[in-house]
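Here's the structure we're looking at; comments come further down.
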Amino acid sequence: MMYDVREPHAAYDPNVIDIVCVTDSNYAPHFVSLLKSIEAGKGAEKIRVHAILDSVDEARFSKIAETATGLEIHPYHVADHKALKLPPILHISRATYLRLIMAELLPQDISRVIYLDIDMVVTGSLVDLWSTDLKGLACGAVQDAFVDPTNFARQHELPSAGTYFNAGVLLFDLDAIRATDALSQALDMLLAAPEKYEFADQDALNKVFWENWSPLDAKWNFQRLFLWEGCDYTSSVPLAQALPRIIHFTESPKPWQAAEWHPYAWLYWKYLRRTPFLAEVMEREKVGWLRLLKFWLKFHLKKPRS
């Protein structure tokens, strides 16, 4: 096991928002698009991003850090950890499992973090999310729009009254996480029987926190199914009036792929255009300028009126 933290960390500051993300080299351009959206939406608050990295070399990381200079980015290069032995599933890369070791990696004086998946765009400040009262619980999240909690409870022999969250956005009381060793429990479950968890570490996290997590407003993790008519979407900000604060491109295809239909896909490209990774993604995904124009038109025709 090897942790290589390349940069010293400042002492904990309650006025600094600590964010955790994980990525590998392939997803690095999408990580940078997310970073640029966070940078564009922030106010006076300082944001410290803890980037847990799988096989991202020095040159590629330097390119990432130089692109989002409005954020403090702290790299954690991880190699030869048992979490990396877990298999990728569908669009879930092995790097995703590294979020389960954040309590091991982050300095002990960091007591609260926001975890964000890479396939997201942030549309404004995260201060309100950061200051959310977790009501004494270790985890805050948004209910998943796809997974049936009753079936999940039956499959894993859990009480039927629980609900199932989407793990793309997680607000963690890291002190409580460390005290209960919750993330290590989830990792050990996966290592013991990965075939039991259809949605990998999301399932394992739900099992660990079953009936013991605090629900967040759906605007903090606006999932693809929330776009469908009849979906049970509730938020303090109606979709017709304002963009959700965090848009999560769940399922497939992703916004960087030519086949994507999501009306907010343009936002991904809007921020990617501000990075040196645009040409790389367009070539790899075979996305031409005409397709980008279609993304732009769809967004501007569909976006809510504030």
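The values are calculated or read from the model by the stated rules, or taken from the named source; none is laboratory data. Here the structure is a predicted model, which means the values were calculated and not measured. Cβ placement follows ideal geometry from the backbone for every residue including glycine, while neighbour counts extend to all protein chains displayed. We work out accessible area using only protein heavy atoms, side chains counted, and drop any ligands, DNA or RNA first. Shrake-Rupley method; radii C 1.70, N 1.55, O 1.52, S 1.80 Å.
Matching residues to (1) exposed (fewer than 12 other Cβ atoms within 10 Å of the Cβ); (2) of a type in the set (Ser, Thr, Tyr); (3) over 16 Å from residue 35 (Cα atoms):
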| position | (1), (2), (3) |
| --- | --- |
| 268 | no, yes, no |
| 272 | no, no, no |
| 284 | no, no, yes |
| 287 | no, no, yes |
| 293 | yes, no, yes |
| 296 | no, no, yes |
| 301 | yes, no, yes |
| 304 | no, no, yes |
>> Filter region 244-258 down to the residues that are assigned to a loop (DSSP other than H, G, I, E, B), at pLDDT 90 or above and not hydroxyl-bearing (Ser, Thr, Tyr) and list them by number.
In response: 244, 245, 249, 254, 255, 256, 257, 258
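Restricting attention to region 46-67, which residues are touching a strand residue (DSSP E or B) at 6+ places or on another chain (Cβ under 8 Å) and either open to solvent by 30 Å² or more (accessible area, probe 1.4 Å) or among the aliphatic types (A, V, I, L, M) (or both)? Spell out the reasoning first.
Taking region 46-67 and keeping what is touching a strand residue (DSSP E or B) at 6+ places or on another chain (Cβ under 8 Å), we get 46-56, 61, 64-65.
46, 47, 49, 51, 52, 53, 55, 56, 64, 65 - these are the residues of region 46-67 that are touching a strand residue (DSSP E or B) at 6+ places or on another chain (Cβ under 8 Å) and either open to solvent by 30 Å² or more (accessible area, probe 1.4 Å) or among the aliphatic types (A, V, I, L, M) (or both).
Which one of 96, 67 is in contact with a Ser or Thr (Cβ under 6 Å, 6 or more places away or on another chain) and either of a type in the set (Ser, Thr, Tyr) or without any contact (Cβ under 8 Å) to a residue 24 or more places away in the chain (or both)? Step through it out loud before you land on a result.
Working: 96 fails: in contact with a Ser or Thr (Cβ under 6 Å, 6 or more places away or on another chain).
Unique residue meeting the criteria: 67.
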> Taking the condition crowded, with 16+ Cβ neighbours inside 10 Å, β-branched (Val, Ile, Thr) and over 22 Å from residue 52 (Cα atoms), does residue 142 pass?
Replying inline: yes
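Of everything in region 30-65, what is in a strand (DSSP E or B) and more than 22 Å from residue 111 (Cα to Cα)? Give them in sequence order.
Looking only at region 30-65, we keep the residues that are in a strand (DSSP E or B), and these are 46-54.
Correct list: 54 only.
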> Looking at region 76-120, which of the residues that are assigned to a loop (DSSP other than H, G, I, E, B) and among the hydrophobic types (A, V, I, L, M, F, W, C) is surrounded by the fewest Cβ atoms within 10 Å (Cβ to Cβ)?
Replying inline: 90
